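J.: Take a look at the following structure, please.
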Amino acid sequence: VAGHLANAILLPRCLEPIEPGPCKGFEIRYGYDKAAEKCTRFAYGGCGGNSNNFDSRERCEKMCVESKNILQNPSVAYDPLVSNARCLLPIRSGSCTRYQGRYGFDVRKEECTFFMYGGCGGNANRFLSREECEQACLAKFTLIRT
């Protein structure tokens, strides 16, 4: 299950090829090299490209290396008491129809987003307010190494 979650949540961005884009600018960026299984530096042209493009090696590693490690260790990924591993879970509405507005951390967008929670089921990536979500998932987006 955890391997499937890693592919479903985090890896689409990290599995895209490193793409400098069509423009002729020169910005040092970092992208995840799936063959090497690490983040590598590349010259970004300034436009186009794709989302496998990070402004620092540290940010690339947090999103593509450390996050993958957490999700491959189910005992960490599903323990709501462990740091902010809950922020890495997909946003789920649940199976009931007693809809309530909630916020969840969207890993791809790297922000807290509003969604309708059905009142049961779902997972721990669910917060009463945007502020609560941001405090848990943005202010200390520090992942646990496995």
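The values are calculated or read from the model by the stated rules, or taken from the named source; none is laboratory data. Everything numeric in this text was worked out from a predicted model, so none of it was measured. Backbone-built Cβ (ideal geometry, glycine too); neighbour counts: all protein chains shown.
J.: Go through the stretch 20-50 and report how many residues are part of a loop (DSSP other than H, G, I, E, B), out of contact with any Leu (no Cβ under 9 Å at 6 or more places or on another chain) and under 19 Å from LYS62 (Cβ atoms). Let's see the steps before the verdict.
T.: Step one: list which residues in the stretch 20-50 are part of a loop (DSSP other than H, G, I, E, B), which gives 20-26, 34-37, 45-50.
So of that shortlist, the ones also out of contact with any Leu (no Cβ under 9 Å at 6 or more places or on another chain) come out as 20-26, 35-37, 45-50.
From the residues that got through so far, the ones that are under 19 Å from LYS62 (Cβ atoms) too are 36-37, 50.
Of the residues in the stretch 20-50, 3 are part of a loop (DSSP other than H, G, I, E, B), out of contact with any Leu (no Cβ under 9 Å at 6 or more places or on another chain) and under 19 Å from LYS62 (Cβ atoms).
J.: Now, a different point. Can you tell which of ARG13, ARG86, ARG29 is modelled with pLDDT of 60 or more, touching a helix residue (DSSP H, G or I) at 6+ places or on another chain (Cβ under 9 Å), under 19 Å from GLY104 (Cβ atoms) and outside the structural domain of GLY122 (by TED's automatic domain parsing)?
T.: Within the list ARG13, ARG86, ARG29, the selection yields ARG13.
J.: If we keep just the residues of the stretch 81-132 that are small (Gly, Ala, Ser) and outside any loop (DSSP other than H, G, I, E, B), which is surrounded by the most Cβ atoms within 10 Å (Cβ to Cβ)?
T.: Narrowing the stretch 81-132 to residues small (Gly, Ala, Ser): 83, 85, 93-95, 101, 104, 118-119, 121-122, 124, 129.
Of the ones still in play, those that are also outside any loop (DSSP other than H, G, I, E, B) are 85, 101, 104.
Values: ALA85: 22, GLY101: 10, GLY104: 25.
By that ranking, first place goes to GLY104.
J.: Please state which of the following conditions ILE91 fails to meet, knowing it meets all the rest: (1) β-branched (Val, Ile, Thr); (2) modelled with pLDDT of 90 or more; (3) not assigned by TED's automatic domain parsing to the domain that holds SER129.
T.: Answer for ILE91: the failing condition is (3).
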